[in-house]
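Visitor: Before anything else, here's the structure in question.
Since every read-out is calculated from the coordinates, none of them should be taken as a lab result. Everything quoted here is computed from the prediction, not taken from an experiment. Counting neighbours? That spans all protein chains shown, and the Cβs are built from the backbone with ideal geometry, glycine included.
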Amino acid sequence: MAKTLQDIQTLIQEEGIRIVDFKLTDIDGRWRHLSIPSERLTDKTMEQGIGFDGSNYGYAPVENSDMVFIPVLDSAVVDRYSAVPTLSMIGDVRVIDLPNNRPFDQYPRNVAIRALEYMKEIGVADQMIIGPEYEFYIFDDVRYSTNYYDMYTKIFTSQAAFASGSEENNNGYQVLPGGGYHNSLPTDIRNDIRSQMCLVMKEWGIDVKYHHPEVGGSGQMEIEVELGDMLKLADDTMSAKYVIKNEAAAEGCTATFMPKPLSGEAGNGMHVHMLLKKNKKPIFYDAKGYAQLSKEAHWFMGGLLSHASSLCAITNPSTNSYKRLVPGFEAPVTIGYAMSNRSAVIRIPAYAKTPDTKRFELRNPDATCNPYYAYAAILMAGLDGIKNKIDPHKKGWGPYDFNLYNLSDEEKAKLTGLPTSLDQALDALEKDHDYLTVGGVFPERLLSQLISRYRKSSSMISKLPHPMEFAMYYDL
């Protein structure tokens, strides 16, 4: 990775780069971009940045919407998805001010940076290590209409059991719903696409651990990456989604991270593994603790579980998210923790046994989240647990070392569940968000903007007639 502007300029010459493309993250977690001729990338660019109007990115209004974008040098990578030789870079956003420009406190990357600074300031740790798992579907064709008189979705993939009668691209090797996990060739028709995705992700500085077909028989995939620094992994999450979607498009397919694109199949999550280090030493390991986890690890889990409902508004910010968080599809629905139990919202992998790998995973997040906000919020919830020594066992949140789905209705009634809708999660966030604003990490106006924005999307969806309503009520 480039470290200096001279490194970038050398790379531009070696690769014949004509355009430098800058990618900025909006409030929802989508990349937007602007481009300049490569010869205009100079010392002046690095010192003064590139001006743009931030009012169109969805953030809460500020006194000055004129902002500048400062490139992050070590994010430079050749973007193969442009016909013109193009170098891609991400960066940070600053508000134009006197005497010096200041970081825009709502910008997602700046929120993540501030969360890490706060962690160091209170002395808990100096590094957060995370590892997200990217689940997604690859389809051959997706069509939908949102006209008021004509609403529908049509999804096709030749891999799915529903395509067995198709006359096009049919090799006869279909997969039943829920039967896709680790299928081999020739049933695994997307193996080469996933391999290509992983090779390109490596070019983008993403350290891939492995890839495989996931449970969903209609084309669900997973790519898992190695553990790494939280800020880098947030950057990598944006890059990974970009690569995965563009590689699928290049092959005439389409990839989606939608949590629940198909009602009868497993949903797409983005499980987040995590651990903390201080002075390069892990603080989550204790050979004598439950699952070899230290008291700090348990307190961190206690913070996550204590704030689980409000956290969902940031880690699961779409109405579709809550169609995934239902029983029966290996998705978590219960606020609790356990060893190797996928029905609890926090799972402790049994295979992670060494001090440097001892960790747990939060299983409810999905990739409709803004990764910078989500990872920062997860960190802040955990830090709150450590500061207040929240013991998840004493709170009655586990360990649940049994299948929560198989409990009787009477036993299930004793458990606390995750929100079942976006509105419930937003209600929780309105009541419980002090752990996010402490230390100036999440500005209050940003949280208000997120809540307002998500309320509007939820309200819009709730007013739309659903095809199932026709099946249930049309003849009444």
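Visitor: Given 25 °C and 0.890 mPa s, how large is the Stokes-Einstein diffusion coefficient of region 163-220 in µm²/s, with Rh as the Kirkwood radius over Cα pairs? Provide the component values of the computation, followed by the final result.
Guide: Working: Rh = 12.6 Å.
Diffusion coefficient, whole number: 195 µm²/s.
Visitor: State the dimensionless ratio Rg/Rh of region 353-467 (Rg: radius of gyration of Cα atoms; Rh: Kirkwood radius). Walk me through the numbers before you get to the answer.
Guide: Details: Rg = 17.3 Å, Rh = 17.2 Å.
Reported Rg/Rh (Cα atoms, Kirkwood Rh): 1.01.
Visitor: Same structure, new question: To the nearest 20 Debye, how big is the dipole of region 127-464 about its Cα centre, given +1 on the beta carbon of each Lys and Arg and -1 on that of each Asp and Glu?
Guide: In total the dipole reaches around 1140 debye.
Visitor: May I ask you to give the average projected area over all directions of the convex hull of the Cα atoms of region 115-255, in nm² rounded to one decimal?
Guide: Convex hull of Cα atoms, orientation-averaged projection: 11.5 nm².
Visitor: Then there is this: Counting other beta carbons within 10 Å of each Cβ, put 162, 69 in order, fewest first.
Guide: Result, fewest neighbours first: 162, 69.
Visitor: Something else: How many angstrom lie between the Cα centre of region 429-466 and the Cα centre of region 109-142?
Guide: Cα centroid to Cα centroid, the span is 19 Å.
Visitor: Based on the mean of other Cβ atoms within 10 Å per residue, sort peptides 39-46, 164-171, 270-277 so the most packed one is first. List each step's numbers first, then the result.
Guide: Numbers: 39-46: 13.4, 164-171: 9.9, 270-277: 22.6.
Going from most to least packed, we get 270-277, 39-46, 164-171.
Visitor: Which aspartates and glutamates have a Cα lying under 14 Å from the Cα of residue 387, excluding residues fewer than 8 positions away in the same chain?
Guide: Cα-Cα hits under 14 Å: 121, 296, 434.
Visitor: For a quick check: with amide H placed at 1.01 Å from N, whose amide H comes under 5 Å from residue 216's, ignoring anything fewer than 5 positions away on the same chain?
Guide: 180, 266
Visitor: Also, I was wondering about something else. For region 5-104, with only Lys/Arg (+1) and Asp/Glu (-1) charged at the beta-carbon, what is the dipole magnitude about the Cα centre, in debye rounded to 20? If you can, show how the numbers build up before the last one.
Guide: Numbers: 9 positive and 16 negative charges, 38 e Å.
In total the dipole reaches around 180 debye.
Visitor: Taking the radius of gyration and the Kirkwood hydrodynamic radius from Cα positions alone, what is the Rg/Rh ratio for region 136-199, to two decimal places?
Guide: 1.05
Visitor: What does the convex hull of the alpha-carbon atoms of the chain project to on average, in nm²? Don't skip to the answer; put the middle values down first.
Guide: Details: hull surface 102.3 nm².
Quarter of the Cα hull surface area: 25.6 nm².
Visitor: I've got another one for you. Would you work out which of 301, 447, 148 lies farthest towards the positive end of the dipole of the chain, given +1 charges on the beta-carbon of Lys and Arg and -1 on that of Asp and Glu, about the Cα centre?
Guide: The one lying farthest along the dipole's positive direction is 301.
Visitor: Would you list 236, 409 from fewest to most Cβ contacts within 10 Å? Please list the in-between numbers first.
Guide: Numbers: 236 24, 409 6.
Listed from fewest to most nearby Cβ atoms, that is 409, 236.
Visitor: Let me ask something additional. Relative contact order for the chain: what is it in percent, counting Cα pairs under 8 Å that are at least 6 residues apart?
Guide: Here the relative contact order equals 14 percent.
Visitor: Here's another thing I want to ask about it. Which whole-Hz couplings ³J(HN,Hα) result when phi for each residue of region 278-289 is put into the Karplus expression 6.51 cos²θ - 1.76 cosθ + 1.60, θ = phi - 60°, listed in order with x for Gly and Pro?
Guide: Calculated HN-Hα couplings, in order: 9, 6, 6, 10, x, 10, 8, 9, 8, 4, 9, x Hz.
Visitor: DSSP loop (so not H, G, I, E, B), at most 14 other Cβ within 10 Å: list which chymotrypsin sites (Phe, Trp or Tyr not before Pro) in region 348-416 pass both filters. It would help to have the intermediate numbers written out before the result.
Guide: On the way: sites: 351, 360, 372, 373, 375, 397, 400, 402, 405; in loops: 351, 397, 400, 402.
Sparse-neighbourhood loop chymotrypsin sites (Phe, Trp or Tyr not before Pro): 351, 402.
Visitor: Work out, in µm²/s and without decimals, the Stokes-Einstein translational diffusion coefficient of region 297-349 at 37 °C, 0.692 mPa s, Rh from Kirkwood over C-alpha pairs.
Guide: This corresponds to a translational diffusion coefficient of 281 µm²/s.
Visitor: Percent of Cα-Cα pairs more than 18 Å apart in region 1-117, please.
Guide: That fraction is 51 percent.
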